[in-house]
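Below is one structure, written out as structure tokens; comments come after it.
The values are calculated or read from the model by the stated rules, or taken from the named source; none is laboratory data. As the structure is a prediction and not an experimental result, all values here were calculated from the model. Please note: Cβ atoms are built from the backbone with ideal geometry, for glycine as well, and neighbour counts cover all protein chains shown. SASA here: full protein model, heavy atoms, side chains in, ligands and nucleic acids out. Shrake-Rupley method; radii C 1.70, N 1.55, O 1.52, S 1.80 Å.
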Amino acid sequence: MTCAIDIIDLNFRYDSFALRDITTQLHIGEQKAVVGLNGSGKTTLFKLIVGLLRPLSGEVYVLDRRVTPEDLWEIRQQVGFLFQNPEDQLFAPTVWEDVAFGPQNMGLSNEEVEDRVVEALSTVDLLDLADRPVNQLSHGQAKRVALAGVIAMRPKVLLLDEPFAGLDFPMVEAVVDTIERLRRRGVSVLYTTHSRFFLENWADSVLVLESGRVVYDGPADEALREPRVLGQVGDWGRLRESIHRSRTVPLDIDAGLGADMEP
Amino acid sequence: MARFLLPLREGRTEPGPFSPAALFVSAVVAAVVVNLVTEPMVVLSLFFLVLIGGTVARTRWRAVLGLAARFEFVVLFWVLLEPITYGQTVVGVIQTPWGPLPVYREGIRMGILLGLRMVTILTTVLAALSHMTLSDLIGALQTIRLPGIILGSLVIMMRYLPVFMEERRRMEDALALRGLQTGSRRERLRALGSMVGTTIDRAFTRSEAVYDAMKLRGFSGCVPVTAAGLRRTDVLLLMLLGLFALAAFYVFPAVVVL
Ligand SMILES: Nc1ncnc2c1ncn2[C@@H]1O[C@H](COP(=O)(O)OP(=O)(O)O)[C@@H](O)[C@H]1O
Ligand SMILES: [Mg+2]
């Protein structure tokens, strides 16, 4: 079976090791959630897949094509990468020009570029903002424009780095809806999240990273029975208890924090 | 975004009658013509010609002249420098603490001429730019065969300057919220000093991220804009340019000298 993404024994280091011996697959049409604490290497993994970083050792294949410096543009037309921070992703003067940037680079005719931009902006429901300067967008709008820029290239694989972070509920719904529509067209999705809800409801499989190592890679329903996985997406019960305790136990333990508030 | 640098249009716009490339080249040629004229009154007449022509073409004068006005210091510098440095015929003497400073007639004329030329050229070029978007301009520069690497740098610069300014504004806000204004002058200076370093650092990091985003969508240092070719109507522009030169070298000199 061919894979959308096939990663074999991948190692990478900045100053110290960021990823160690990563081996995992994303099958075609699959939706995989990548989970891990801040700094566990999720973003680094995504950057390696699209060739923004080069592995220390190991191999990455996208749709059976090895990611090498020579093939980057071929691969980047197949894989769309939505950055965690949309402000880093938008750079053209206006929404329209930003979304058009990828298709233009793909060498499409002006009419085709226009079709794609209209389609992508309609998909994220932002066609009416086409002429807006990109620095005048709200966070949620910027995120959706960035997504439109990715969609306009019609990628077969999507990498979404914390696609819901900082979005309000209607925006989350809108983004989920957009991605679901793409999935029905056979797009494979790899995305990072910190939310248990999405693990339970919006993933076929889960990859769990801990300090740059894979600690779980398998079906989503089994993942939620693993204590190690639960530790990554939040033990909300423990947090609830801790809040409850601090609100009921009299003030005296947190001497350092509250000391100068005493009369 | 480039608003504070050039009066470029933003968003999608109806293409005008002339190709951006022809418009750009015409503005440059007109600038050369203006530069060749030696009679201040003729330059002034050409300036008015540009104003009239621009008004017919519905130029956004407010944006154009607003930007041109930012160069007032450069212009004034030359207008005031020439009278005291150039010429032989003394028409007056300014008493300064460092001694008398002669003012020359030739210099006054030269200062006025230079000032008028600069204003006219600035207005012409900025007015032409105000009729195109950034993409148009880049396409135009590509049509006239400017090397891709220069174009690439231009695109990046146009994008990074705003990133830089945004970053600085954010940090100023953050410092203000934490009481920058209320501190002593020395603290304030120190905070500002470290802000400069951090701004550069952060803008650099963000620029890298933005550059990554551009690469992912196919930016390779060269620009995607399809070099917008010339149009048939550009011939008309050529004729207008001819009339402009005619006015500059024959009509206006004749009229002004009379
Ligand atoms: N540009 C960089 N230079 C050096 N270290 C980095 C850089 N980017 C990330 N790191 C480090 O690599 C590790 C993984 O980071 P990252 O992939 O961003 O994690 P995540 O996305 O899971 O939060 C972290 O320890 C982080 O500090
Ligand atoms: Mg990250």
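Out of every Cα-Cα pair that the stretch A:74-186 contains, those further apart than 18 angstrom amount to 44 percent.
Just from its helices, what would the mean residue ellipticity at 222 nm be for chain A, if runs of 4 or more DSSP H residues each count -39500 (n - 2.57) and the sum is divided by every residue, rounded to the nearest 500 deg cm²/dmol? Could you put the intermediate results ahead of the total?
On the way: 11 runs with 103 residues, N = 263.
Per the formula, -11000 deg cm²/dmol.
When accessible surface is computed with a 1.4 Å probe, chains B and A are found to bury approximately 2400 Å² between them, both chains counted.
Stokes-Einstein diffusion for the protein assembly as shown at 4 °C, viscosity 1.567 mPa s, with a Kirkwood radius from C-alpha pairs, works out to 47 µm²/s.
Burial annotation for the stretch A:90-108: residues with an accessible-area loss of at least 50 Å² between the isolated chain and the complete set of protein chains, computed on heavy atoms with a 1.4 Å probe, are A:F91, A:P93, A:E97, A:F101, A:N105. Note on B:Y250/B:M165: beta-carbon distance plugged into 1/(1 + (r/R0)^6) with R0 of 60 Å gives a FRET efficiency of 0.80. For the peptides A:11-17, A:174-180, residues were scored by their other Cβ atoms within 10 Å and the scores averaged per peptide; the highest-first order is A:174-180, A:11-17. For the pair B:W78 and B:D201, label points projected 7 Å from Cα toward Cβ lie 4.3 nm apart. When you filter the trypsin sites (Lys or Arg not before Pro) in the stretch A:61-167 for DSSP loop state and at most 12 other Cβ atoms inside 10 Å of their Cβ, nothing is left.
Distances between every pair of Cα atoms in the stretch A:3-225, grouped in 5 Å steps from 0 to the bin holding the largest one, split as 1, 7, 15, 19, 20, 17, 12, 7, 2, 0, 0 percent.
Let's test the formula: R0 of 45 Å, r as the Cβ-Cβ distance of A:R240 and A:H27. What FRET efficiency results, to the nearest 0.05? It would help to have the intermediate numbers written out before the result.
Numbers: r = 37 Å, r/R0 = 0.82.
Once the sixth-power term is evaluated, E becomes 0.75.
Only protein heavy atoms count here; under a 1.4 Å probe, B:T133 has an accessible surface of about 10 Å². Interface residues of the stretch A:50-80, defined as those with an accessible-area decrease of at least 20 Å² between the chain by itself and the complete set of protein chains (probe 1.4 Å), are A:L52, A:W73, A:R76. Computed over the stretch A:1-46, the quotient of the alpha carbon radius of gyration and 2.2 N^0.38 Å is 1.24. Counting pairs of alpha carbon atoms under 8 Å apart in space and at least six apart in sequence, what relative contact order in percent does the stretch A:3-225 give? Averaging sequence separation for qualifying contacts and normalising by length gives 28 percent for the stretch A:3-225. To the nearest ten degrees, helix A:169-184 and the longest principal axis of the Cα atoms of chain A are 50 degrees apart. Kindly write out, for the stretch A:111-125 in residue order, the coupling ³J(HN,Hα) from the Karplus curve 6.51 cos²θ - 1.76 cosθ + 1.60 (θ = phi - 60°), rounded to whole Hz, with x marking Gly and Pro. Per-residue couplings from phi come out as 5, 5, 4, 4, 4, 5, 5, 4, 4, 5, 5, 5, 4, 8, 6 Hz.
Ignoring any ligand, DNA or RNA, what whole percent of the accessible area of the protein assembly as shown comes from carbon and sulfur when the probe is 1.4 angstrom?
59 percent
Using a probe of 1.4 angstrom and keeping all protein chains present, the accessible surface of the stretch A:3-225 works out to 41 square angstrom per residue. Helix A:95-105 sits at what angle to the longest principal axis of chain A, using alpha carbons and giving 0 to 90 degrees rounded to 10? Its long axis makes an angle of about 60 degrees.
Ordered from longest to shortest, the equivalent ellipsoid semi-axes for the stretch A:1-107 are 25, 18, 14 Å, each the square root of 5 times a Cα gyration tensor eigenvalue.
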